[in-house]
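Have a look at the structure below, then the notes.
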Amino acid sequence: MRYLIIHAVNRPIPMRYFAIFELDSTVHWQNITKYCNSERMDDIQQNWMVRSFNFAEEALQAGEVPVGCIIVYEDKIIAVGKNEVNETKNATRHAEIVAIDQVLKWSKEQDINSALVFSKSVLYVTVEPCIMCAGALRQVGIPLIIFGCHNERFGGCGSILSIHDASLESLGPSFQCIGGIMKERAVDLLKRFYQGENPNAPEDKRKVKKDEQKV
Amino acid sequence: MLKTMSDDHPLAILHQDYVKCVELTDVFVSVIQCKKQTASVAKALCEDFPLENLQHLKRVRSCNSKDGSLQVVVCQGKTQEQFDAVLSDVKYSCLGKPFLTKVPKLKPLTRKQFEECKLYWPVTFHENKRITKLINLSYFSEDEIHKIQSHMKELFNHKEKSKTENAALIVDPKVNTVLATSCDRRHLEHPLQHAVMLCIDKVARLQGGGMWDIKEECCILENKSIKQLEEANNEKPEMCSMQSAEQYLCTGYDLYATTEPCVMCAMALVHSRIGRVFYVFPHEDGGLGSKFQIHTERDLNHNFEVFKCALPEKK
Ligand SMILES: [Zn+2]
Ligand SMILES: [Zn+2]
């Protein structure tokens, strides 16, 4: 199943509308990607991405790897997440997992089928999801991910493996990715983190990343 | 039927490089027409045409033919014009006309690959003892196999009791103690609560963290484990890592799973720095052997050993 993001230009700027429509199979995804990458789309994507960066900044303040995300459903943010690995002593507590937990909670409270909510949501995350999170995102069935910089260490949407579109029928549907939105800011945050280093990792686990693209 | 020890030995899931067949590449080879000059010709060729990526090849081989003639690798990746100019030197006058020959492209990593390589051209082989033992099923001692089997048995008992598809268990092998057990909850209310993810979170909880608050009906083993752990701690406190600040995530721990972990769980184990993984049933979309081999991915910051085990026998 493919989806199209529609930017309703008739709305005033702060009220920009972002909706996802199901398409029939005759529409070529290439054309849609071209549309998504047009300047108008960049503006909208940046608007949401700025919100994700608030959580990445929060993570940095808390001494966590600075990655933040939001999940947008029907033009509103229903979940947010930031990396909480050190806080929970659980290395799987990435921003995306935190946000997925919130969508499940939100859907329960609203009494809506969570699978339906996920299938019409967009995830905005400051860094390319890792292999684990890409697997998680397929399982909940999110159709579209917009991310900032690439994740050269753990990336699951093209950098190390391509989990987002690999043939993994049992995991869930593949999803589309648009990367590179505000990537400089994402890289800058990571650079600030790795210069300070993760205080909870033992000495030999610390790796000073000289390459600024590395997460 | 009589069972040998290797029947019970877990099967290591190695990097593709150790399993694959020998790849071949073309090099130019010449017959050495004057055997006396073999050493000097080989030395000269090593200087003029170093074998860069083919260091594993022996430069000279003796042919099977009756006269025992010798052949030498002239060069690789050069055109005839390029090497003709060099070979016109008088020091190469004893070389016959170069011809293309197929030789092994990569150095052999296992004895099996070494034997296969030799069918094409003599090569050097530096045996990795650990890899050989893993392949020959002589890596674990009988005692270790027994411990692995007993944890696997405990896992399957747990799976049957909880009536779930998948179950997982984390052990600290230094004190041979179960730290956490879990069963799959993905079909209950949370698509991400796979047994492995839950087990990792239980270890986090033991360390004073945790992300999911689950009141499980199948936690009986956990209390038992904590007791075991305390006992182990009293007996040999220096060995018990749980209480020490040194313990970082799941470093040095073993994970047992009934089914091969999916890609999400496989990567969760990388992030958690797991020591080893043992599972029984492969899964076609699995991340530790079937679809991907995430544990051997050289671009990742942590690799670990993965073993496929036999289904434990019922009592
Ligand atoms: Zn992640
Ligand atoms: Zn899984």
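Please treat every number below as a calculation from the coordinates, not as lab data. The model shown is predicted, which means the values in this text are computed figures rather than measured ones. Counting neighbours? That spans all protein chains shown, and the Cβs are built from the backbone with ideal geometry, glycine included.
Just a few scattered comments:
- Cβ-Cβ FRET estimate between residue A:167 and residue A:54, R0 fixed at 22 Å, reported to 0.05: 0.05
- Charge context of residue A:98, other residues only, Cβ under 9 angstrom, K/R +1, D/E -1: -1
- Note on residue B:141 and residue A:74: the model spin-label points, each 7 Å out from Cα along the C-beta direction, lie 6.4 nm apart.
- The length gained on full extension between residue B:160 and residue B:119, counted as 0.36 nm times the residue separation minus their Cα-Cα distance, comes to 9.7 nm.
- The local environment of residue A:59, defined by Cβ-Cβ distances under 10 Å, has a net charge of -4 under the rule Lys, Arg +1 and Asp, Glu -1.
- Length gained when the stretch residue B:84-residue B:99 is fully extended (0.36 nm per residue, less Cα-Cα span): 4.2 nm
- Net +/- balance of residues flanking residue A:169 in space, Cβ distance below 15 Å, scoring K and R +1, D and E -1: -1
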